[in-house]
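Here's the structure, in structure tokens; my notes come after.
The numbers here are math on the coordinates, done by the rules we state, and not lab data. These numbers were taken from a predicted model, which means no experiment stands behind them. Positions of Cβ are backbone-derived with ideal geometry, glycine not excepted, and every protein chain shown enters the neighbour counts.
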């Protein structure tokens, strides 16, 4: 009985340890080693900033800090009602990591990730007014790491008209421009975030 219990504990530890911590990935790391064992991955351009990305909904392979993420879909939801991840890269030939967009529709997981972000990086800057119909927005500008983190939360509805909270977490390397452009006429991701979610007056 003791041997069986030990085997179960070991199996759980191996499972947890096999998850990639999204908050621990370093900018400019090659992401191929991260995604090579994931079956459901496709190349795409992220819709908000036009960044070259690898997209997957196999979120059971990942965690964010101390929070394990699941392969989850809100019951009776539309196609966007699932946990999903875009891993952004500079180019597909070099595959250097420049950030992520993480969509979380599991409320428990999103709450834990927000708690983790506050514990690690401090209180964020609020970028929304009370009663704002566009939802909530929180910003961390982490200058020593040249990293910006934007968290937005909006209410979505299922096919049965039941509401749920959808949380988007954007992590971006400062200086990266829209559509992976090298042209200075293109705003940076940080500039675009400031435009979409300006400081409160």
* For residue 79 and residue 133, calculate 0.36 nm times their separation in residues minus their Cα-Cα distance, and state this gained length in nm to one decimal. => 17.2 nm
* Asked: Give or take rounding to whole Å, what are the principal axis extents of the alpha carbon atoms in the chain, in descending order?
  -> 64, 43, 34
* Structure fact -> With the convex hull built on the alpha-carbon atoms of the stretch 121-195, volume per residue in Å³ sits at 119 Å³
* Roughly how many nanometres apart are two label points built 7 Å out from the Cα toward the Cβ at residue 164 and residue 92? -> 3.1 nm
* Obtain the radius of gyration and the Kirkwood radius of the stretch 65-120 from its C-alpha atoms and give Rg over Rh. => 1.06
* **For peptides 69-75, 102-108, 154-160, sequence by mean Cβ density within 10 Å, most packed first** => 102-108, 69-75, 154-160
* To do: Give, in nm to one decimal, the length gained when the segment between residue 143 and residue 116 is fully stretched (0.36 nm per residue of separation minus the Cα-Cα distance).
  => 7.9 nm
* To do: Output the relative contact order of the chain, whole-number percent, from Cα pairs under 8 angstrom with separation of 6+ residues.
  => 17 percent
